[in-house]
Structure formats: structure tokens, C-alpha cells
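What follows is a short report on a single structure.
The values are calculated or read from the model by the stated rules, or taken from the named source; none is laboratory data. Remember, predicted model here, so these are calculated numbers, not experimental data. Cβ coordinates were reconstructed from backbone atoms using ideal geometry, including for glycine residues, and neighbour counts include every protein chain displayed. What goes into the accessible areas is simple: the full protein's heavy atoms, side chains included, and nothing from ligands, DNA or RNA. Shrake-Rupley method; radii C 1.70, N 1.55, O 1.52, S 1.80 Å.
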Amino acid sequence: MICVVILQCLRSTLVLAVFSSAIGGSFQYGYNVSIINAPTMHIQEFINKTWDVRHGSQLNQNLLTLLWSIIVSILTLGGFLGTWAGGPLAIRYGRKGALLINNVFALTGAALMGASYSAGMFELLIVGRFLVGLNLGIGICVQPLYLAEISPKRLRGAISMGTSVFLTVGILSGQVIGLRELLGKEEDWPVLLSTTCIPAILQLLLLPWFPESPRYLLIDRQQEEACDRALKMLHDPSDYLSEKEDMEKEQAETQGEKPRQAREVLADRSIRWQLITSIVLNMGQQLSGINAIYFYATYVFKQAGIAQEYIPYAALGSGACECLTALSCGLLIEYLGRRVLILGGYLLMAMWCIVITITLSVQTTYFWIPYLSMACVSAFILSFGLGPGGVTNILTAELFTQSTRPAASMISGSMGWLSFFFIGIIFPFIVERLQQFCFLVFLVECLLMVCYIFYIIPETKNKSFLEIKKDFQTRNFKEASGIGKA
């Protein structure tokens, strides 16, 4: 089964379309979250020197910490606002058009960050990171829509996994290029930050060769001939008629309904539980404890006797783990289904939360405990990539039909960014108060997610978007007769 999925993907142009959309989408997300770690000390020294030149005095440590926090966290604010822009852009210019336009923010942000050192203005870093954040928010909102809508039904899960695969590849690439042997040296940090222009340029060169989403062309624009050309280019001949038939059924069901605004989606009772589910999944992914694992990874590596200068190389193992599991999830998702993978992922993460809490509590008792902690860190990351990290974006796109998908992705994506910001703010206080017992908080969160998924979310494998919507129909209209218009 897995080999068949691989061969079917490789025979078509789908894999190239996935690469072209993801290189400027989720790859940018992972890359820009990752590369800011390596030049931390160098950028702080630059801020200090700039302040000294301007004011003739060293910068107060508290103010320096505040400025650095702004540079790091402004990306999240940009991502949140970008998510709200992603839906309208995808509706007005199409999925492909929105991705292409989005590169303007990445190129401008890269230019500003690259020029900050020579201009002697750390403020350019703040503006540049904000613009890159806009790029990430739009990309992570629109790219899953594009991948879900260009995929044949039987391969939709595997193709949509491109979002997670390229995100993890972006994280790993950022870790590699940030090594001191490459662009991690003090004098190279402006170049390092400006390399975010490279994925944007690649997308501008490659994506125009591929068609717009066939669903967008037929259902939103009523351009049947363009839809036929797109389907023939992206799908095997055996998929062409059946895929178009699904689109025509959806078009007839919605009766030419125009794309909904966010307020209309929020008020629509017929998709209430789909919207709640997509919000819960996006929030749960960010609050699952993966950030805690990365925070504790450095401590665990130190306890295992790894020298400080070699810890970045050890951290590459964590990035490689994520890539491995994202690829594995892509191969397994059409065989095991979405529900099994995401349930199993959260269950395994809950188990590792318990084990990690124990190992960190007795870290110095036996010489082999730190090595067990290292194994647990890798296992947690593997479990995250196999379930929440890989399946969340796929389910978010699958739960909605054409008219509601952009606005719903915008709403749930923005809640994900807010959760990302929230955990970034509150996490240091959780660690300070609870120390290694902070994982008990994430244990509770993972178990709550298991309960929600088990009782609420149906399997969506090999189902059309209309069939998935009908699965939620009874729950959405439970208070009434249990029957309503889907």
C-alpha cells in the first residue's frame, strides 16, 4: 500500500507542485523559527554597540532583554495578522496567486534584516521580522488549502503532508545553516537572516509553471475549461473524471455559494463542530509540550556530558527526528488513517511526559539516566511528528467545503498563532515554578486532546469533503431534529 502511494505520487506532477508551493510556505515557517537561535548573542552585541554609538552608554540589561524579546516575538504578531490576511487573499487571487503575492513580504523582510548591520539600525530587524511573520502567517494559512484542493481523494492525506514535511525540513535547514562552520559566525548573522529570500525566489521561479487549484477554478470562478486543464496536468487520467464529479457534486450542493466571510462562518450552525474541532486541534498542537521538549533538550544534553560547543550538533538530531516522522506520517496516513495517527501521537506524548518527568527528577542518580532522558526527548519528538505535527493541518483543510475553507483556516490558524504566543509568554514561568514537573501540565493537555479526538472526530480517509461534512451533520443539529441541510 505504501509503495503504491509513493509510485502514484512520483508518476504525476503533483510532487513538483507540492515542492513549489511548500518551499515558500511551511518551509519558510520552519526555517525562520529556527535560524534566529544561532545568532542570539551576536545580535544582542550589535544592539549594545548601536545603543553605545547613539547615546554614549551601554544598554541596560533589562532593556536589552526587552528589545531581544520583541525581535523574537514580533514574528508571532506578524504571523497572527498574516493568517487573517491569508483567507481574503486566497479568495480574491486564488490559492496559487496568494502564495506568489506573499513572497513580497519575505523579500522585503529579508532585505531589511540584511541591511540592519550596515545601516546601524536594530529597528530594521524588528520591522523585517514582522514582515517575515506576515509571510509565514499567509503561507501557513494558504498552502494547506492549495495542497488539499489539488490532491486526488485517495492521496489527499499523503500530498497534504507536504506542509509538515517541509516545515520540519525548514527547521533542520535553519539548524544546519546556523552552525558556526557555515553562517553561524559573528560577522555572518546579517547574511544568515537575509537567506529567507532564497525560498521566496525559488517559489517565484517555480510555482507559476503549475496550475491554480482546480476546485477554486470550478466552484469559485466557474472556469470549467481551466479546471479541466488543471486536473489533466495534476492527476492521472483515471482520476480525472471521478475528481471532477466530486467537485460538481459539491458545486451543486452549495448552489454556487460564494466564499464566506469569517463572521458568517462563526455564525453558521451547520459547521459549528467542524470549526470548534479545527480550533481545538490547532491550539492543542501548540500547547502540547513540544516547546518544553526543545527547552529541556539543551539541559539534557549537558547532563549527558556533551560539551557546550557540541550541543548545536546534538540538536540537529532533534530536527532530523522531526523530518523522519513527518516523512513516516506521510507514508502511513493513507494506510492507517488520520484518526489512528493523531490519537496514537497524543497517547504516546502523554506517556513520554510521565517518563521524562521521572528521568529529570532522578537525573543525577545513575550515570545512564541522562542518556535515557535523551532517548525520551527523541521519542517525544517522534510521537509529535507522527501525530499532531503531521495530521493537524490535514484535518483542518478536510473538515470544510470550498465556500467555508479559507475563512475557517484563517480562524483556526489565528488561534494557533495566539496559542504559540501564549505558550511563549507563560512557558518560562511554568518552568520556573514547576521545573521538571512542568511536563505534568502537558500530560493533562495531551490526555484532554485524546478524549476530544476519540469522541468527536470521525475518520476522514478516502472521503469527499461533502461526505466529511455529513459526518458532522447530526452533531451540528443535535438540538433540533438531528436533520439539517449539510
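Pick from region 323-333 the residues that are at pLDDT 80 or above and not small (Gly, Ala, Ser): which of them is nearest to SER383 (Cα to Cα)? Top of the filtered list is THR325. Taken over region 434-457, the criterion of being under 18 Å from THR396 (Cα atoms), surrounded by 15 or more Cβ atoms within 10 Å (Cβ to Cβ) and not aliphatic (A, V, I, L, M) is satisfied by TYR452 alone. Applying the criterion of at least 2 residues that are surrounded by fewer than 16 Cβ atoms within 10 Å (Cβ to Cβ) and at pLDDT 90 or above to the helices (runs of 4 or more DSSP H) found wholly in region 1-120 leaves 61-119. Filtering region 462-475 to residues that are basic (Lys, Arg), open to solvent by 60 Å² or more (accessible area, probe 1.4 Å) and under 18 Å from THR396 (Cβ atoms) leaves only ARG475. For region 309-347, the set of residues classified as under 14 Å from PRO388 (Cα atoms), of a type in the set (Ser, Thr, Tyr) and open to solvent by 20 Å² or more (accessible area, probe 1.4 Å) consists of SER328 only.
Here VAL142, VAL176, VAL132 are screened, and the one residue that is touching a residue at least 40 places away in the same chain (Cβ under 8 Å), out of contact with any strand residue (DSSP E or B) (no Cβ under 7 Å at 6 or more places or on another chain), surrounded by fewer than 24 Cβ atoms within 10 Å (Cβ to Cβ) and within 23 Å of ALA110 (Cα to Cα) is VAL176.
Can you tell me which residue in region 348-374 is modelled with the highest pLDDT, limited to those that are open to solvent by less than 70 Å² (accessible area, probe 1.4 Å) and part of a loop (DSSP other than H, G, I, E, B)? The residue in question is VAL362.
A count restricted to region 201-218 and to residues that are farther than 30 Å from GLU257 by Cα and crowded, with 24+ Cβ neighbours inside 10 Å stands at 1. The numbered conditions (1) modelled with pLDDT under 85; (2) open to solvent by 60 Å² or more (accessible area, probe 1.4 Å) are all true for LEU418 except (1). Could you check, for region 413-434, whether at least one of its residues is β-branched (Val, Ile, Thr), closer than 23 Å to LEU81 by Cα and out of contact with any helix residue (DSSP H, G or I) (no Cβ under 6 Å at 6 or more places or on another chain)? Checked against the condition, which is being β-branched (Val, Ile, Thr), closer than 23 Å to LEU81 by Cα and out of contact with any helix residue (DSSP H, G or I) (no Cβ under 6 Å at 6 or more places or on another chain), region 413-434 yields at least one hit. Residue pairs whose Cβ atoms lie under 7 Å apart, sitting 6 or more positions apart in sequence or on different chains, and linking a residue in region 224-235 that is over 16 Å from GLY94 (Cα atoms) and open to solvent by 90 Å² or more (accessible area, probe 1.4 Å) to a partner that is assigned to a helix (DSSP H, G or I) and modelled with pLDDT under 85, are LYS232/TYR240.
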